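S.K.: Okay, here's the structure, questions in a sec.
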Amino acid sequence: MKMSVIYHSVTGNTKRMGDCIVSGMNSVEGAEARSFPIDAIDEEFAKDSKCIIFGSPIYTAHITGQMVDFFLDGARKLQLAGKLTGAYTTAQYVHGGGDLGIRDMLDYCMTMGALVYSGGSAEGKPVIHLGPIGIDNTMDIEQFVPYFEAYGRRMAQMALKLFGE
Ligand SMILES: Cc1cc2nc3c(=O)[nH]c(=O)nc-3n(C[C@H](O)[C@H](O)[C@H](O)COP(=O)(O)O)c2cc1C
């Protein structure tokens, strides 16, 4: 089952964490996951994906302007209605707005008719309520890798449960 992670990244953190989600997804039998920056999406692959995760850096406690523009235009081509979606962010500060950015993106997904999921507390530890957040600079972002991999596994498992044969 195809799955995609689509992100905006300027200095590489959001790309790195997106690749960790892909790695978690691909550890689940039956998943074929790839990641794409918003300006170089394989549209056929993304359209065929049953699960799509969106990632953005946090700028002034919101997602980036480029990510907003993407949701208002490019994302419409991905036919999100009925697909399983999720979102993650990277930020500099624990209290810098990471959760707000996730909510921003989940709102866009719901507006386009997508299903949203994270696993929440139902999957046990690590508990990821809305989606994973990687903290850069003020912490070592590499310590967040296991959270992103676990999130990728959970999203893939739910997509296969919902849409697998
Ligand atoms: C213009 C600008 C605004 C930012 N605003 C915030 C912010 O409000 N809160 C925060 O925690 N980090 C903020 N950051 C830090 C970035 O979110 C963080 O470094 C992120 O991991 C960058 O992602 P990237 O490497 O994928 O581009 C800001 C960075 C820039 C360049």
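Read-outs throughout are calculated quantities, based only on the coordinates presented, and are distinct from any laboratory measurement. Note that the structure is a prediction, hence the values are computed from the model and not measured. When we count neighbours, we look across all protein chains shown, and the Cβ atoms used for this are built from the backbone with ideal geometry, even at glycine.
S.K.: Give me the three principal axis extents of the chain from the C-alpha atoms, as integers in angstrom, largest value leading.
M.R.: Principal axes ranked by extent give 44, 35, 23 Å for the Cα atoms.
S.K.: Right, here's the next one. Rounded to the nearest Å, what's the spacing between the alpha carbon centres of segment 115-165 and segment 1-55? Just the number, please.
M.R.: 13
S.K.: State to the nearest 20 debye the size of the charge dipole of segment 2-163 about its Cα centre, where the only charges are +1 on K and R beta carbons and -1 on D and E beta carbons.
M.R.: Numbers: 14 positive and 18 negative charges, 86 e Å.
Value, rounded to 20: 420 debye.
S.K.: Using the Karplus equation 6.51 cos²θ - 1.76 cosθ + 1.60 (θ = phi - 60°), what ³J(HN,Hα) coupling, rounded to whole Hz, does each residue of segment 11-16 give in order, writing x for Gly and Pro?
M.R.: 10, x, 5, 6, 5, 4
S.K.: Same structure again: Calculate I(q)/I(0) for segment 31-98 by the Debye formula, one identical point scatterer on each C-alpha and no solvent, and give its log10 at q = 0.27 Å⁻¹ to two decimals.
M.R.: For segment 31-98 at q = 0.27 Å⁻¹, log10 I(q)/I(0) is -1.28.
S.K.: Put +1 on the Cβ of each Lys and Arg and -1 on the Cβ of each Asp and Glu in segment 2-163; which of ALA91, VAL145, GLY65 then has its Cα farthest toward the positive end of the dipole?
M.R.: Result: VAL145.
S.K.: Just to confirm the filter: which GluC sites (Glu not before Pro) across segment 1-53 are DSSP coil and have at most 15 other Cβ within 10 angstrom of their Cβ?
M.R.: Working: sites: GLU29, GLU32, GLU43, GLU44; in loops: GLU29.
Answer in residue order: GLU29.
S.K.: Whole-Hz ³J(HN,Hα) for each residue in segment 32-49, computed from phi via Karplus 6.51 cos²θ - 1.76 cosθ + 1.60 with θ = phi - 60°, x for glycine and proline: what do you get?
M.R.: Along segment 32-49, the couplings run 10, 10, 9, 10, 9, x, 4, 9, 8, 8, 7, 4, 5, 4, 5, 5, 7, 6 Hz.
S.K.: Under 5 Å between amide hydrogens, which residues at least 5 positions from ASP42 or on another chain qualify, with H placed 1.01 Å from N in the peptide plane?
M.R.: Excluding prolines and chain starts, which carry no amide H, there are no hits.
S.K.: On to the next question. Simple spin-label model, 7 Å along Cα-to-Cβ: PHE45 to TYR93 in nm?
M.R.: My value for the distance between the label points is 3.7 nm.
S.K.: Okay, moving on. How big is segment 69-161 by Rg and Dmax over its Cα atoms, in Å?
M.R.: Final numbers for Rg and Dmax: 13.7, 38 Å.
S.K.: Next up: Under the 0.36 nm per residue contour assumption, what length would be gained going from the current alpha-carbon distance of HIS62 and GLU142 to full extension? Display every interim value, and only then the final one.
M.R.: Numbers: separation 80, 0.36 × 80 = 28.80 nm, distance 2.24 nm.
Using 0.36 nm per residue and subtracting the Cα-Cα distance, I get 26.6 nm.
S.K.: Any idea which of LEU162, PHE36, MET105 is furthest toward the positive side of the dipole for the chain, if Lys and Arg beta-carbons carry +1 and Asp and Glu beta-carbons -1?
M.R.: Of the listed residues, the answer is LEU162.
S.K.: Right, something else. Would you mind calculating the relative contact order of segment 77-149 from Cα pairs under 8 angstrom and at least 6 residues apart, reporting the percent as a whole number? Show your work: numbers first, answer last.
M.R.: Values: 101 pairs, mean separation 26.6, N = 73.
Relative CO of segment 77-149 lands at 36 percent.
S.K.: Separate question: Which chymotrypsin sites (Phe, Trp or Tyr not before Pro) in segment 25-102 sit in a loop by DSSP (not H, G, I, E or B) and have at most 15 other Cβ atoms within 10 Å of their own Cβ? If you can, show how the numbers build up before the last one.
M.R.: Working: sites: PHE45, PHE54, TYR59, PHE70, PHE71, TYR88, TYR93; in loops: TYR93.
For chymotrypsin sites (Phe, Trp or Tyr not before Pro) across segment 25-102 that sit outside H, G, I, E and B with at most 15 neighbouring Cβ atoms in 10 Å, the list reads TYR93.
S.K.: Expressed in nm², what is the orientationally averaged projection area of the convex hull enclosing the Cα positions of segment 79-133?
M.R.: Numbers: hull surface 15.8 nm².
That works out to 3.9 nm², a quarter of the Cα hull's surface.
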